[in-house]
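The structure appears right after this line, and notes come after that.
The values are calculated or read from the model by the stated rules, or taken from the named source; none is laboratory data. Computed from a prediction, not measured in an experiment: that's the story for all the values here. For neighbour counting, all protein chains shown are included, and Cβ atoms are generated from backbone atoms with ideal geometry for every residue, glycine included. Accessible surface areas use protein heavy atoms only, side chains included; no ligands, DNA or RNA. Shrake-Rupley method; radii C 1.70, N 1.55, O 1.52, S 1.80 Å.
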Amino acid sequence: MSETGRPCAIIDIGSNSVRLVIFRRLSRVPAELLTEQIYPHLGRDIARTGRLDPVGKRLCIEGLRRYAALCEAYDVGDRIVVATAAIREAADGPGFVAAIRIATGLEVRVLSGAEEGRLSALGVLSGIPDADGIVGDIGGGS
């Protein structure tokens, strides 16, 4: 991550939603400048078809184009784009990742299930350092 003090952004492409959060700068508990979320429902029929929803793919790319433009407008340094269950499990997931890169210039990192869980736990500990208990992810593909 950048040490420049410029804003940084995280984009999370999930089974139902796609979220952008732009943070003021990198810190242990970063302050949000902007949060946006869309609901393209990429994983709508994945259990039946094994593929991402075609309308959801179009809506996702439209939203990601907007997110890329917002990152430019906010002079974002680092852009971390992650994808989770739907793209990880879909037969057309790798092709969709390539389509995102072509359409938006964003590089998507597809997280393994284990890595997704580890990063979620680190997020909890970042905000609640003394957390002790169980955390549940109720995301669309969980």
Relative contact order for the chain: what percent, with Cα pairs under 8 Å and sequence separation of 6 or more? 25 percent
Test item: Cα-centred dipole of the range 71-126, Lys/Arg +1 and Asp/Glu -1 on Cβ, debye: 120 debye
For the chain, what % of the accessible area comes from carbon and sulfur atoms, probe 1.4 Å? 54 percent
The chain: antiparallel bridges as % of DSSP beta bridges, rounded to 5, reads 60 percent
Separation of the range 89-113 and the range 15-62 by C-alpha centroid, Å? 12 Å
The range 4-72 accessible area per residue, 1.4 Å probe, protein heavy atoms, integer Å², reads 55 Å²
At 222 nm, what value in deg cm²/dmol follows for the chain if DSSP H runs of at least 4 each add -39500 (n - 2.57) and the sum is divided by all its residues, to the nearest 500? -12000 deg cm²/dmol
